Ligand code: CAA
């Protein structure tokens, strides 16, 4: 199947990054959200990030203009019926994702591949609620999407080979590298990354180090581009907590117990950069 029209559900941090890379690679993108403000903000963010690439000499101005001209937005989920490939990048909640699929499915072409950018929810379970488990896959981008080279591809138990191979080709066309992960809680990247972040929060909670010393230790001592607490703020503390809960529930091992301090920050609404406050204060 020829994949040209990409439908993206959710215009947030991940959705707009995904729209950015697909449009730059020559695909036609239709970005959907329930909020017009979110759609407007997504276009502002994409323009800003494309400009950044132009100013650093990574792309030409004409490529930026062409990419922007290939992105349309819509408040109507049913408009995604034209898509050859749909990527759901909505809130990381299973009930929200299931509700989106339920409303979207009657409008999709039978051959359309349906994917979720979920960072940890079972692909097999999401797929089982749709009419096309064989054409359903996990398609997990990393943040910031325009910069990070990896995309995790997760097959559910029913995903067929043509679907998997079609997505491998798509990843290649974006200039990114695919890592295939089996469908177990949090797949590969978050299975390893989140316990590290959670341990950094425990390190703070137990008074072993300060925010600054923990982050500096991992940046200068382990050559990480960001310290774990800075990275947690960047990802969103609610997302970090949600992924730890998926690991804890799904693998039933106390080593995945979310740090109480992480829970407390989320309860306070201190979710990191997006709320201007997390382990750091961005106000
Ligand atoms: N769009 C386009 N380009 C961007 C960008 C964006 N949103 N953000 C950064 N860039 C570009 C910059 O223009 C710059 O380009 P050049 O190399 O051409 O100069 C480059 O990326 C580096 O950016 P900066 O110089 O501004 O800043 P930096 O060197 O501190 O890098 C960073 C920023 C790329 C975010 C880096 O700190 C980093 O790699 N951090 C770790 C990110 C990470 O671990 N992401 C994975 C999170 S886990 C995840 O996403 C999975 C999940 O499910 C939770």
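The values are calculated or read from the model by the stated rules, or taken from the named source; none is laboratory data. Quick caveat, the model's predicted, so the values are computed rather than measured. Ideal geometry is used to build each Cβ from the backbone, glycine not excepted, and the neighbour counts take in all protein chains shown.
Anything in segment 158-184 that is more than 15 Å from the chain's Cα centre (by Cα), surrounded by 14 or more Cβ atoms within 10 Å (Cβ to Cβ) and assigned to a loop (DSSP other than H, G, I, E, B)? List them, or say none. The answer is 158, 159, 160, 174, 183, 184.
Only residues that are under 30 Å from residue 137 (Cβ atoms) and either crowded, with 16+ Cβ neighbours inside 10 Å or not assigned by TED's automatic domain parsing to the domain that holds residue 256 (or both) were counted in segment 197-232, giving 5. Against the test of being modelled with pLDDT of 95 or more, touching a helix residue (DSSP H, G or I) at 6+ places or on another chain (Cβ under 8 Å) and part of a helix (DSSP H, G or I), the options 229, 220 yield a single qualifying residue, 229. Cβ-Cβ contacts under 9 Å between residues 6 or more apart (or on different chains), taken from a first residue in segment 128-141 that is on the phi > 0 side of the Ramachandran plot and within 16 Å of the ligand (Cβ to nearest atom) to a second residue that is part of a helix (DSSP H, G or I) and at pLDDT below 95, are absent. For segment 257-271, filtered to residues that are assigned to a loop (DSSP other than H, G, I, E, B) and over 22 Å from the mean Cα position of the chain (by Cα), the residue that is surrounded by the fewest Cβ atoms within 10 Å (Cβ to Cβ) is 257.
Scanning segment 54-77 for residues that are within 16 Å of the ligand (Cβ to nearest atom) and either touching a strand residue (DSSP E or B) at 6+ places or on another chain (Cβ under 9 Å) or closer than 25 Å to residue 9 by Cβ (or both) yields 64, 67, 68, 71.
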